[in-house]
Amino acid sequence: VETRITSEDMDHVNVKIYVQESTSIDLRDAIQVFHRWIQDAVLNELVIDVADYRHVPAGPGVILIGDEANYSLDCAFNRLGLLYNRKRPSEGTVMDKLLKAFGSALLACSHLEDEAVFRGKLKFDAGRCEVILNDRLLAPNTEKTWLELKPHFETFFDGLFGSARYSMNRLGERRERIRIELNTPRPIDVRSMLEVLEPA
Amino acid sequence: MKASNSLWRENTLDKITPDLAKEIDAFESEIALKKQGRIDDKVFAETRLRRGCYGQRYDNGRRHDGGTTRELKYPAGELTKGPNTMWDAPGMQRIKIPFGGLNATQLEVLAELAEEYSDGIAHITTRQDVQLHFVHLDDAPSLMRRLAAVAITTREACGNSVRNVTGCPIAGVCRDELFDVTPYAKACAYFLLGHPECQNFGRKFKISFSGCHDKACALARIHDIGAIAAVREKAGVSKRGFEIYVGGGLGPVPYQAKLFAEFLPEEELLPTAQAIARVFARLGERKNRNRARMKFVVDKLGIEEFKRVVAEERSILPYDERWTAYLKDILQHEEIPLKPGAPLVQIEGGHPEGFAQWRDTNVYEQKQSGYATVTVALPLGDINANQLRSVADLARKYIHETVRSTVEQNLVLRWVSESDLPSVYDDLRTAGLHAAGAGTIVDISACPGTDTCKLGISSSRGLAGELRRRLGERNGSLDQAIKNLRIKISGCFNSCGQHHIADLGFYGVSRNKNKYNVPHFQVVLGGQWTENAGAYGLAIGAVPSKRITEALDRIVSKYVTERAADESFQSFVKRIGKAECKRILEDLMEIPSHEANPSLYTDWADAREFTIGDLGIGECAGEVVSNIEFQLKDCEREAFEAQLELDRGHYERAGKAAYQSMLHAAAALLDWKFFAHSPEPDSIVSHFRTNFFDTQLFFDPFVGGNFAQYFFRAHENAGAPSTSESAHQLVEEAQLFIEGCHACYGRLSAERAKVA
């Protein structure tokens, strides 16, 4: 299929990396962790504040609000994961933007796993994730958009997962943003995935 | 900033009315001109405010991270969107929803905007608006176009303008109303929107419509214009009209609205509103924003003179056909149900789990047989995008898209056939929107507070979330007597959380203990939510934020155990007296040292060491308690005693005690800074003016020197006779002036520690 997806269409890539099923944490702890990330400049970008939405069922959980992007321990659809929400457009190709979003999300996951309060309790699975394009006008949730996106995603995830098999499915209905779910048969450690991305 | 911004204009052009399209185009041009430096900061700030684009906390480019104040280096550099407001700092977008009316498509668009421009949450406000937070100003025109395409405007949602016209959310289906006020509220909202007479106010202007006297649904008495449905019989014919109240308002010092007209015929509603707007524009204060609301005009002129000048304005207004055009079809105005009304079939054990409890609190039996209004209780007024789409689905599946937002920060679905209630409950449960307890003690209202508001002192949402969680866990075991009490929380004295009219109100303040700031909430008792906000409460004392949970438990436990049969909470507080209420909290008001209990020095849902500003707290120099802390505590006691005199009906004594408490607080500050003065009031006032007011040392970053003005005015009026109302105001003003002294002491201490 010929793809008409442009780099601009990918400006607002969101990546959500799900936690492994054994995870059991108190989201309250994320508040102090994110505040400290601001204090210690853990992420190499402008982060502004922490928003607490624990009271909203299946909501955004706890968000570290940034200028380029937000990072959250997100509970949408009652599935906990680290959500990287790219807000500010960035330079580069479609691949560059996917790489940036995945790299940032995985790095945040790795930092969270290292936090003393979460150690041994929070483990992400890089083989279970979602990609969301947060702009309905440029990327509506249609089969057509998906068919146009697919070649890019296949190139990217073939590189990311290497020989590991994976499946991709478009999720949601027309009113929702386009969401692509990826699954590998076995969990993938966040650090090993970061090592794959590092040379890039 | 969204990549698709340049495309939305073309994509929405055929769906937007020419007026709105022109308005949004103009705003986009103004944004471009501001970026070129061709619009003054102050002018642009008011321009964007009138489009609902509000600033948010930390938009001055600084944030205290708990250890130190950090600069937030936004990419746009020094570009600003108002005085001391950085361009790239995320802001809040307020969206006007007249009388709270929403349809399914509008809910879906709000969901889209929450996801694409905000943080995935739409927040329902205490004035039936919707707010999106963390929005970039460059995205605002696209956001506005998408709203305009579904007939929603953000115009005049903020700024010195007519704000969202609120209305009873069950108007038209209410069992107690005289008639449905919806079409009148709608006509008033759109008549005054962008009206030339309403563009030159010194401050905001709020209007509400209620169908009855007794309930609280529209809070008529806290508005600049509060209209309550009234009917007159003349020659056997019923004539519709309104009982009109004017000059009400909360804010730091609340004013009860005054009766303007016992019966204003319906055809006079819009021209009278226009005439009142003209009077406000002409006579309202301009220089001092804190005296600029219409309540001060009414207070200054007196209601009779106010009536006279309004009548004078009304007599010279040129005729406008819009005044009455909407009336010709008004009796035909009615909402159409989607399904025939049918009773709920009672099946023993056959309804979903939790249904009975939910039905008890969240379902209102309409006056139309077989129909009910369902309240979707939203925690802290928040709803996520998927939930908004779910509500849209319900609005199409069960009703004719008749959804409204409420001043209690919830949504209601009107015209649900009672037989559908179990299915509606099931669908709400799937969406996580099935929480019971609407309109009860767990249904807590709170303003944004320190989460996002620049004026917030303590975390109103953090406290509301904690109280909601704790009370929710005990909901089944809570005594029936307290279930229907209302809790309302504001992050500061400005009362956006409407703490004055709650059974149990709280507003955020700060206290200083050995150079550390401690988040507190003043406990407000005596307010009345019903009868359209029939009475305003007063603060009895400040308790550390983290101890408010315990304070609440003590107050309600006392009520449960000591109340007389059928005694209301207000009557109980009045009977036992505020001194007794305060006594049971007094030990909670004592602040332990930072070392002894550091958790009290942080706020709810915020891990940072608490601060009231961008100034850091220096290292503790020792546990020496400054005398001013004792002195200010004494002043608070005096102000409280003034309140007790007020409650006893001793207005002269109340006024005098309140004034004395202000004098003593001013003297405490003077003594602390070693400014010599005699004990004579003139000397204290004069030295305070010279050393704290003229130097602006007393000035708060946001309210400036207004609390000092309360003190000066009290001094000027000392000896004048006190009425119930003037004494009530003086007590409020004394409490605020003492808060100002606390804040001044806290700021100056922190500065001194920083220098050291």
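The values are calculated or read from the model by the stated rules, or taken from the named source; none is laboratory data. Quick caveat: nothing in here was measured; it's all calculated off a predicted structure. Reconstructed Cβ throughout: ideal geometry from the backbone, glycine too, with neighbour counts over all protein chains shown. In case anyone asks, the SASA skips ligands and DNA or RNA and just uses the protein heavy atoms, side chains included. Shrake-Rupley method; radii C 1.70, N 1.55, O 1.52, S 1.80 Å.
Some observations on this one:
- Check on residue B:428, touching a Phe, Trp or Tyr at 6+ places or on another chain (Cβ under 9 Å), open to solvent by less than 10 Å² (accessible area, probe 1.4 Å), within 12 Å of another protein chain (Cβ to nearest Cβ) and not acidic (Asp, Glu): yes
Listed here are the residues, each with its yes/no results for (1) over 22 Å from residue B:645 (Cα atoms); (2) open to solvent by less than 40 Å² (accessible area, probe 1.4 Å); (3) in a loop (DSSP other than H, G, I, E, B).
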{"site": "B:684", "(1), (2), (3)": "yes, yes, no"}
{"site": "B:688", "(1), (2), (3)": "yes, yes, no"}
{"site": "B:695", "(1), (2), (3)": "yes, no, yes"}
{"site": "B:698", "(1), (2), (3)": "yes, yes, yes"}
{"site": "B:711", "(1), (2), (3)": "no, yes, no"}
{"site": "B:720", "(1), (2), (3)": "no, no, yes"}
{"site": "B:727", "(1), (2), (3)": "no, yes, no"}
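- Yes/no for residue B:273 being in contact with a Cys (Cβ under 8 Å, 6 or more places away or on another chain) and modelled with pLDDT of 95 or more: yes
- Single condition residue B:72 does not satisfy, out of (1) under 30 Å from residue B:602 (Cα atoms); (2) open to solvent by 50 Å² or more (accessible area, probe 1.4 Å): (2)
- The range A:175-192, subset more than 28 Å from residue B:386 (Cβ to Cβ) and not in a loop (DSSP other than H, G, I, E, B), residue farthest from the other protein chains (Cβ to nearest Cβ): A:192
- Top-ranked residue in the range A:41-57 [being within 7 Å of chain B (Cβ to nearest Cβ), part of a loop (DSSP other than H, G, I, E, B) and within 24 Å of residue B:435 (Cβ to Cβ); ranked as least open to solvent (accessible area, probe 1.4 Å)]: A:56
- Options A:130, A:198; residue that is at pLDDT 95 or above and touching a Gly at 6+ places or on another chain (Cβ under 9 Å): A:130
- Residue B:212 falls short on exactly one of the conditions (1) open to solvent by less than 10 Å² (accessible area, probe 1.4 Å); (2) in a loop (DSSP other than H, G, I, E, B), and that condition is (1).
- Residue match in the range B:367-383 (condition: assigned to a helix (DSSP H, G or I), modelled with pLDDT of 95 or more, away from chain A (no Cβ under 14 Å) and buried (at least 24 other Cβ atoms within 10 Å of the Cβ)): no
- Positions within the range A:21-37 being open to solvent by less than 20 Å² (accessible area, probe 1.4 Å) and either facing chain B (nearest Cβ under 7 Å) or closer than 24 Å to residue B:111 by Cβ (or both), in sequence order: A:31, A:35
- Condition broken by residue B:495, with the remaining ones in (1) part of a loop (DSSP other than H, G, I, E, B); (2) surrounded by fewer than 21 Cβ atoms within 10 Å (Cβ to Cβ) satisfied: (2)
- Options B:234, B:206, B:239, B:258; residue that is without any contact (Cβ under 8 Å) to a residue 60 or more places away in the chain, among the charged types (D, E, K, R) and buried (at least 19 other Cβ atoms within 10 Å of the Cβ): B:258
- Test for residue A:15: is it more than 30 Å from residue B:380 (Cα to Cα), more than 9 Å from chain B (Cβ to nearest Cβ) and open to solvent by less than 20 Å² (accessible area, probe 1.4 Å): no
- Pick from the range B:499-539, criterion in contact with a helix residue (DSSP H, G or I) (Cβ under 7 Å, 6 or more places away or on another chain), in a loop (DSSP other than H, G, I, E, B) and open to solvent by less than 10 Å² (accessible area, probe 1.4 Å), ranking: nearest to residue B:634 (Cα to Cα): B:537
- Any hit, the range B:110-127, residues being touching a residue at least 12 places away in the same chain (Cβ under 8 Å), within 15 Å of residue B:185 (Cβ to Cβ) and either among the basic types (Lys, Arg) or within 14 Å of chain A (Cβ to nearest Cβ) (or both): yes
- Of residues in the range B:51-64 being touching a Ser or Thr at 6+ places or on another chain (Cβ under 6 Å) and crowded, with 20+ Cβ neighbours inside 10 Å, the one farthest from residue B:455 (Cα to Cα): B:51
Every residue, every condition in (1) among the β-branched types (Val, Ile, Thr); (2) assigned to a strand (DSSP E or B); (3) within 28 Å of residue B:439 (Cβ to Cβ); (4) open to solvent by 10 Å² or more (accessible area, probe 1.4 Å), yes or no:
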{"residue": "B:115", "(1), (2), (3), (4)": "no, no, no, yes"}
{"residue": "B:123", "(1), (2), (3), (4)": "no, yes, yes, no"}
{"residue": "B:138", "(1), (2), (3), (4)": "no, no, no, yes"}
{"residue": "B:151", "(1), (2), (3), (4)": "no, no, no, yes"}
{"residue": "B:160", "(1), (2), (3), (4)": "no, no, no, yes"}
{"residue": "B:172", "(1), (2), (3), (4)": "no, no, yes, yes"}
{"residue": "B:175", "(1), (2), (3), (4)": "no, no, yes, yes"}
{"residue": "B:180", "(1), (2), (3), (4)": "no, no, yes, yes"}
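- Residue B:441, sole failed condition from (1) within 14 Å of chain A (Cβ to nearest Cβ); (2) modelled with pLDDT of 95 or more: (1)
- Residues in the range A:82-111 that are in a helix (DSSP H, G or I) and open to solvent by 40 Å² or more (accessible area, probe 1.4 Å) were compared, and the one that is farthest from residue A:70 (Cα to Cα) is A:95.
- Selection status of residue B:48, open to solvent by less than 60 Å² (accessible area, probe 1.4 Å), out of contact with any Phe, Trp or Tyr (no Cβ under 6 Å at 6 or more places or on another chain) and either more than 14 Å from chain A (Cβ to nearest Cβ) or under 30 Å from residue A:133 (Cβ atoms) (or both): yes
- Leading residue by the ranking (farthest from the other protein chains (Cβ to nearest Cβ)) among those in the range B:9-28 that are open to solvent by 30 Å² or more (accessible area, probe 1.4 Å) and either under 12 Å from residue B:146 (Cα atoms) or among the polar types (S, T, N, Q) (or both): B:17
- Within the range A:139-165, the set of residues being in a loop (DSSP other than H, G, I, E, B) and surrounded by fewer than 18 Cβ atoms within 10 Å (Cβ to Cβ) comprises A:140, A:142, A:162, A:163, A:164, A:165.
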